[in-house]
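Asks: Encoded as structure tokens, here's the structure I'll be asking about.
The values are calculated or read from the model by the stated rules, or taken from the named source; none is laboratory data. Everything numeric here is computed off the predicted structure, so don't read it as measured data. Using ideal geometry, Cβ is built from the backbone for each residue, glycine included, and neighbour counts are taken over all protein chains shown.
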Amino acid sequence: MVGVSLLRSEIPERLIIQQNLQHWLVRRSGQAAEEIRFLWRVRRALLPVWYHNELSVFEWGNKDRHNRLPCGAYLMQEELKSGCWQNSEPVEVPANFGLANHVWFHVVGGFRGILLRDRHGNAHVYLLMQPASHYYQVMTRSKRMPLFIGPGI
Amino acid sequence: MKNLIGHLDADCFYASAERVRFPHLKRIPIGILGNQGACVIAKSYEMKARGVTTAMPVWEAVSHCPEGVYVKRDFQWYEVLSRKMLELLRRYSPTVEYYSIDEFFFEADCLEQSFGCPLPEAVATLQKEFLEQVGVPVSIGVSTSRILAKLGSDSAKPYGWHVLTEPELIAKLLREQPVGELTGIGFRSALKLEALGIKTCAELAAADRKTIRDLLTVKGEAIWYELQGESVIPIQANRPPHKCVARGGSLGGCVTDPEVLNGWLIRNLERLTEALFAYGYQCGCLCLELQLKDRTGWSRQLLLHGHTDAFEVLSLAARKLLQQMDPAGTPVSYMHLVAKDLRTAGQRQLALFEQPSGCANRLKHQVNQAIGRFALRSGATLTLPELYSDQAHDHEICDIYGKTCF
């Protein structure tokens, strides 16, 4: 999973301005609804997150090797269950579309994620992953898939 | 004008159906993926415009349309909308044929009276009604025969309509359409016609009837009559009896493990006996078709002792067929089980030594109807855990009953 896209209409305007998300606005075709794309490949990757009943935007995973947090965009659900990451907070990542291996797919209820804090108290959000279903694996050629909220793939 | 036939066809139905429940998918290129998630089985016009075709593998589609969004198919939802369309059309026409999940033929004489306006306005109003009531855009053709009505709706797509009652209009359309556009004229028939210099529908209509009959049998002759505007293929309000009933499809990859193959065999048989039960058929012959990874295929059939729909009897026959074909170690990619020599329960000849009555099958059917499809199933299918954990696999297009076409 390397991208999450959310309709602009689902993000409060103040958050767009505050987080300077305007330059991530895209349309898939001329008259399609505007989306804001959260991509892992950008220098400062962000993710939209429902946190304390409010839509917020936090840093996506961790790209800093010197940080004590796990490097990468996601954590496997099994890792979390084994108790590797104490003090993690479950969060919901809203999404209308997901991107994996160049394939954009439709998402109904969003993804499950966890929030970890670094030593400075900054929030980092990781997508929770699980072994891919046959369908997802064929569709995206990925061996892992996110934990879906609601109907999966 | 009397004896008018209408043809109503949803525009990119699966994509439109997804847009009914997810309006944010409107105006973006979307592709609906098939049972395994590998191929595009339907696409929106936006995706079609970018060169994506039906049956194209998803990775190829992505190269044509990187901005496209891919959606997992949901036949249960498509059936809900399909039935809604059928119900709506029945409000305006006394005779409706449920041709396929997104196509309907109907008696169109009553439209003027139903809507209280001339036919072209009535057709336009009907089209608007579908968009408002169901949310799905449709194209409509009305003419004096099925073939002309279908040509009318096909050529009006997307979201158009044609009333073809004037000879000049019909002649113009026939000149524009290649014969390959006609239902019933496949690739081989088109080649045969081309050898006679017949490429357009107008040329086919102008050809000698007997020549067409000799070339394309009575089916070709029926098309010839229909192109003259003479209706010879009636609207079938009730589905005609099946010649055979089949269940099966892709195994979602290549299967070599005999236990897994047996799991697929029993899954397909459970679906087949369910269909036989729903249609009220018993079969006298069971056929197993397998296709290998290299696309070679073979089939074998077994005559049963009398007609039956009993799972216990058919599972013995199916297992025997699989044993006889013995694909041990050879990767199998497709499997179909076909019930042939069908009889309705009242028609069948009782056997001298009566087969088990199939009461276990009926009980299973009742339990599954009450609790959920496949809630009670054969232990042999335990080798396919992922298939049964995904409810989307519970409902496939052939599980939508009553259509005259697949």
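Asks: Are there any helices (runs of 4 or more DSSP H) wholly within the stretch B:98-171 with 3 or more residues that are farther than 20 Å from B:Gly229 by Cα, and if so which?
Replies: Output list reads B:111-115, B:119-133.
Asks: Condition test on A:Val91, is it touching a residue at least 12 places away in the same chain (Cβ under 8 Å), under 16 Å from the mean Cα position of the chain (by Cα), under 30 Å from B:Glu18 (Cα atoms) and assigned to a strand (DSSP E or B)?
Replies: In short, yes.
Asks: Would you call A:His23 part of a loop (DSSP other than H, G, I, E, B) and modelled with pLDDT under 95?
Replies: Considered against the rule, which asks whether it is part of a loop (DSSP other than H, G, I, E, B) and modelled with pLDDT under 95, A:His23 comes out as no.
Asks: Output yes when any residue across the stretch B:252-271 is among the small types (Gly, Ala, Ser) and at pLDDT 95 or above, and no when none is.
Replies: yes
Asks: From the list A:Val138, A:Val49, pick out the single residue that is outside any loop (DSSP other than H, G, I, E, B) and away from chain B (no Cβ under 14 Å). Steps first, please.
Replies: Details: A:Val138 fails: away from chain B (no Cβ under 14 Å).
When all the criteria are applied, what remains is A:Val49.
Asks: Can you name every residue in the stretch B:190-207 that is among the charged types (D, E, K, R) and in a helix (DSSP H, G or I)?
Replies: Result: B:Lys192, B:Glu194, B:Glu203.
Asks: A follow-up question, please. Is it the case that B:Leu276 is under 21 Å from the mean Cα position of the chain (by Cα), in the same structural domain as B:Arg377 (by TED's automatic domain parsing) and at pLDDT below 95?
Replies: Criteria met by B:Leu276.
Asks: Then there's this: Which residue is farthest from A:Met145 (Cα to Cα), if the candidates are limited to the stretch A:67-122 and must be in contact with a helix residue (DSSP H, G or I) (Cβ under 9 Å, 6 or more places away or on another chain) and polar (S, T, N, Q)?
Replies: Result: A:Ser88.
Asks: Anything in the stretch B:1-47 that is buried (at least 21 other Cβ atoms within 10 Å of the Cβ), over 15 Å from B:Ala61 (Cα atoms) and of a type in the set (A, V, I, L, M)? List them, or say none.
Replies: Matches in the stretch B:1-47: B:Leu4, B:Ile5, B:Leu8, B:Ala10, B:Ala15, B:Ala17, B:Leu25.
So that you can scan it fast, the table gives a plain yes or no per residue for (1) under 15 Å from B:Asp11 (Cα atoms); (2) in contact with a Phe, Trp or Tyr (Cβ under 8 Å, 6 or more places away or on another chain); (3) of a type outside the set (A, V, I, L, M, F, W, C):
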{"residue": "B:Glu79", "(1), (2), (3)": "no, no, yes"}
{"residue": "B:Met85", "(1), (2), (3)": "yes, yes, no"}
{"residue": "B:Arg91", "(1), (2), (3)": "no, no, yes"}
{"residue": "B:Ala108", "(1), (2), (3)": "no, no, no"}
{"residue": "B:Ser114", "(1), (2), (3)": "no, yes, yes"}
{"residue": "B:Lys157", "(1), (2), (3)": "yes, no, yes"}
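Asks: Right, next: If you take the residues of the stretch B:45-66 that are among the small types (Gly, Ala, Ser) and within 10 Å of another protein chain (Cβ to nearest Cβ), which of them is farthest from B:Asp390 (Cα to Cα)? Break it down into steps so the answer makes sense when it comes.
Replies: Looking only at the stretch B:45-66, we keep the residues that are among the small types (Gly, Ala, Ser), and these are B:49, B:51, B:55, B:61, B:63.
Next, from what is left, pick out any that are within 10 Å of another protein chain (Cβ to nearest Cβ): B:49, B:61, B:63.
Values: B:Ala49: 32, B:Ala61: 25, B:Ser63: 28 Å.
Checked the stretch B:45-66; the qualifying residue farthest from B:Asp390 (Cα to Cα) is B:Ala49.
Asks: Give just the number: which of (1) within 28 Å of B:Val58 (Cα to Cα); (2) at pLDDT 95 or above; (3) surrounded by fewer than 18 Cβ atoms within 10 Å (Cβ to Cβ) does A:Phe105 not satisfy?
Replies: (3) is the only condition that A:Phe105 fails.
Asks: Within the stretch B:386-396, identify whether any single residue is assigned to a helix (DSSP H, G or I), in contact with a helix residue (DSSP H, G or I) (Cβ under 8 Å, 6 or more places away or on another chain) and among the hydroxyl-bearing types (Ser, Thr, Tyr), and answer yes or no.
Replies: So far as the stretch B:386-396 goes, yes, one or more of its residues are assigned to a helix (DSSP H, G or I), in contact with a helix residue (DSSP H, G or I) (Cβ under 8 Å, 6 or more places away or on another chain) and among the hydroxyl-bearing types (Ser, Thr, Tyr).
Asks: Identify, from the list A:Trp40, A:Trp60, the residue that is more than 14 Å from chain B (Cβ to nearest Cβ), closer than 19 Å to A:Pro146 by Cα, touching a His at 6+ places or on another chain (Cβ under 8 Å) and hydrophobic (A, V, I, L, M, F, W, C). Break it down stepwise before answering.
Replies: Numbers: A:Trp40 fails: touching a His at 6+ places or on another chain (Cβ under 8 Å).
From the options A:Trp40, A:Trp60, the qualifying one is A:Trp60.
Asks: Being touching a residue at least 40 places away in the same chain (Cβ under 8 Å), more than 14 Å from every other protein chain (Cβ to nearest Cβ) and not in a loop (DSSP other than H, G, I, E, B) is the filter here; which residues of the stretch A:94-130 pass it?
Replies: Result: A:Phe111, A:Gly113, A:Leu115, A:Leu116, A:Ala123, A:His124, A:Val125, A:Tyr126, A:Leu127, A:Leu128, A:Met129.
Asks: Here's another thing I want to ask about it. On the basis of being under 24 Å from the mean Cα position of the chain (by Cα) and surrounded by 21 or more Cβ atoms within 10 Å (Cβ to Cβ), does B:Leu151 make the cut?
Replies: Working: under 24 Å from the mean Cα position of the chain (by Cα): yes; surrounded by 21 or more Cβ atoms within 10 Å (Cβ to Cβ): yes.
For B:Leu151, the condition - under 24 Å from the mean Cα position of the chain (by Cα) and surrounded by 21 or more Cβ atoms within 10 Å (Cβ to Cβ) - is met.
Asks: Sort out which residues of the stretch B:94-129 are of a type in the set (Gly, Ala, Ser) and modelled with pLDDT of 95 or more, and write them in order of number.
Replies: Result: B:Ser100, B:Ala108, B:Ala122, B:Ala124.
Asks: Still on this structure, I have one more. So, of the residues in the stretch A:141-153 that are farther than 25 Å from A:Glu89 by Cβ and of a type outside the set (Ser, Thr, Tyr), which turns out to be nearest to the other protein chains (Cβ to nearest Cβ)?
Replies: A:Ile153
Asks: What residue, of B:Ala339, B:Ala328, is small (Gly, Ala, Ser), loosely packed, with under 14 Cβ neighbours inside 10 Å and either outside any strand (DSSP E or B) or at pLDDT 85 or above (or both)?
Replies: B:Ala328
Asks: Looking only at the stretch B:50-63, decide whether some residue is more than 29 Å from A:Gly3 (Cβ to Cβ) and either out of contact with any helix residue (DSSP H, G or I) (no Cβ under 9 Å at 6 or more places or on another chain) or among the small types (Gly, Ala, Ser) (or both).
Replies: Checked against the condition, which is being more than 29 Å from A:Gly3 (Cβ to Cβ) and either out of contact with any helix residue (DSSP H, G or I) (no Cβ under 9 Å at 6 or more places or on another chain) or among the small types (Gly, Ala, Ser) (or both), the stretch B:50-63 yields no hits at all.
Asks: Which number in (1) within 14 Å of chain B (Cβ to nearest Cβ); (2) touching a residue at least 40 places away in the same chain (Cβ under 8 Å); (3) more than 17 Å from the chain's Cα centre (by Cα) marks the one condition that A:Arg68 misses?
Replies: (1)
Asks: Additional query: Anything in the stretch B:202-218 that is surrounded by fewer than 14 Cβ atoms within 10 Å (Cβ to Cβ) and closer than 16 Å to B:Phe187 by Cα? List them, or say none.
Replies: B:Thr217 - this is the single residue of the stretch B:202-218 that is surrounded by fewer than 14 Cβ atoms within 10 Å (Cβ to Cβ) and closer than 16 Å to B:Phe187 by Cα.
Asks: Determine which single condition A:Tyr51 fails, assuming it passes every other condition in (1) in contact with a helix residue (DSSP H, G or I) (Cβ under 9 Å, 6 or more places away or on another chain); (2) modelled with pLDDT under 95.
Replies: So the condition that A:Tyr51 fails would be (1).
Asks: Continuing with this model, one more query. Hey, can you tell me all the residues within the stretch A:22-35 that are more than 13 Å from every other protein chain (Cβ to nearest Cβ) and under 15 Å from the mean Cα position of the chain (by Cα)?
Replies: Answer for the stretch A:22-35, where residues must be more than 13 Å from every other protein chain (Cβ to nearest Cβ) and under 15 Å from the mean Cα position of the chain (by Cα): just A:Trp24.
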